[in-house]
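Down below is the structure, laid out as structure tokens.
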Amino acid sequence: MRKTALITGGSRGIGLGIAIHLAQRGFNLAINGVREQDAVADTITQLKSYGGEVIYCRADVGNAGQRAEMLQQVSDHYGTLHVLVNNAGVAPKERKDILETTEESFDRLMNMNLKGAFFLTQAVANRMINQQEGCIINVSSISATVASVTRPEYCISKAGLSMMTQLFAVRLGAHQIPVYEIRPGIIATDMTAGVKERYDQLIGNGLLVQPRWGLPDDVGKAVAMLAAGDLPYSTGQVIMIDGGLTLPRL
Ligand code: NAP
């Protein structure tokens, strides 16, 4: 029987990389995002070509009512949810120095990147406890530990997601539900398109041990390994997908 995975923000960027690898591993998919169904129709068709079922769940993860509707949709269609990938995330609309960060941007990022993921995980965890089966994977960022003073609200939201991983891992361990954190570095997606030249330069100047941009495919492979149960005795762990960016060097 095919297992089911819900991937938030799964129709483009890193989320799509994850979706492709889970589809290739035989999962049925529930793809979440905020765009209209028509805008993602081709992507859904592409994902179906791997042989499994794919549904699109349009919902703002930062909105409690829409999260509940999304889980109802998944439950009505598939019955059981085996894997939750908390991937959806937003960057600040404008990078501003920490001395200029606005409350509006701070609230937006906390609500979407952290609070939304927390309460979605809580709701899914309660269902998985009843099943005594499941797996939860959180996509954080190197920004959980690497300080960027021009987007502090992003860094804080990802540091919170990192603690969230540990908390749910501890709480769910006895229920056979591992919880992992994937920590990507610089990945080529729409999110980084606006800072491409700056990152090209940093990579050219030796920022990375593996001197190339990361790809959604790099993250997808790691998530597929975790979702398939290939790291069974490591709940709560962080998997770095950063080309060595955070390796201490001298
Ligand atoms: P992206 O290309 O900007 O895609 C973001 C995805 O999140 C989209 O699918 C979007 O949905 C979805 N999304 C945004 N707001 C949402 C909301 N309120 N509710 C539901 N879905 C929402 O970003 P990405 O680069 O793939 O990033 C994916 C994750 O990786 C994020 O958590 C990001 O922080 C993290 N990350 C990225 C990098 C990087 O270098 N790119 C590095 C480290 C970590 P629509 O498609 O419907 O708009």
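The values are calculated or read from the model by the stated rules, or taken from the named source; none is laboratory data. Just so you know, these numbers come straight off a predicted model, no measurement behind them. FYI the Cβ positions are ideal-geometry reconstructions off the backbone, even for glycines, and counts take in every protein chain you see. Ligands, DNA and RNA are excluded from the accessible area calculation, which covers all protein heavy atoms including side chains. Shrake-Rupley method; radii C 1.70, N 1.55, O 1.52, S 1.80 Å.
Potential lengthening of the chain between K48 and Q131 amounts to 27.2 nm, from the contour at 0.36 nm per residue minus the alpha-carbon distance. On a per residue basis, the stretch 62-125 carries 52 Å² of accessible surface, using protein heavy atoms and a 1.4 Å probe. Segment Q37..Q166, full-extension length gain: 43.0 nm, with 0.36 nm per residue of separation and the alpha-carbon distance subtracted. A full extension of the chain between D230 and A193 corresponds to an added length of 10.1 nm, given 0.36 nm per residue minus the alpha carbon distance.
Please identify every one of the GluC sites (Glu not before Pro) in the stretch 36-113 that sits in a loop by DSSP and has no more than 13 other beta carbons within 10 Å of its own beta carbon.
On the way: sites: E36, E53, E69, E94, E100, E103, E104; in loops: E36, E53, E94, E100.
The qualifying sites are E36, E94, E100.
Only protein atoms count toward the accessible area here, which uses a 1.4 Å probe; on the chain, the carbon and sulfur part of that area reaches 52 percent. Bridgeable lysines around K48 (alpha carbons under 24 Å apart, same-chain partners fewer than 8 residues away excluded): K3, K221. Net charge dipole, the stretch 4-241: roughly 320 debye, given to the nearest 20, about the Cα centre with Cβ charges of +1 for Lys and Arg and -1 for Asp and Glu.
Can you list the equivalent-ellipsoid semi-axes of the stretch 18-154, largest first and in whole Å, using the square root of 5 times each Cα gyration tensor eigenvalue?
One finds semi-axes of 29, 17, 15 Å for the stretch 18-154.
Straight-line cross-link partners of K115 among the lysines, defined as a Cα under 16 Å from its Cα and at least 8 positions apart when in the same chain: K158. Seen through its C-alpha gyration tensor, with square-root eigenvalues sorted a ≥ b ≥ c, the stretch 4-241 comes out rounded because a/c lies under 1.5.
Both numbers refer to the Cα atoms of the stretch 1-53; Rg and Dmax are 10.0, 30 Å. Only one residue of I239, I55, F106 has its Cα farthest out toward the positive end of the dipole of the chain, where Lys and Arg carry +1 and Asp and Glu -1 on Cβ, and that residue is I239.
The coefficient of translational diffusion for the stretch 1-90, derived via Stokes-Einstein from the alpha carbon Kirkwood radius under 20 °C and 1.002 mPa s, stands at 169 µm²/s.
So if we plug the beta-carbon distance of Q176 and V209 into 1/(1 + (r/R0)^6) with R0 = 30 Å, what FRET efficiency do we get, rounded to 0.05?
That gives a FRET efficiency of 0.25.
With both labels modelled 7 Å from their Cα along Cα-to-Cβ, the D217 to V146 distance reads 2.2 nm.
With the simple spin-label model, which puts each label point 7 Å out from Cα in the Cβ direction, the R2 to L250 separation comes to 5.3 nm.
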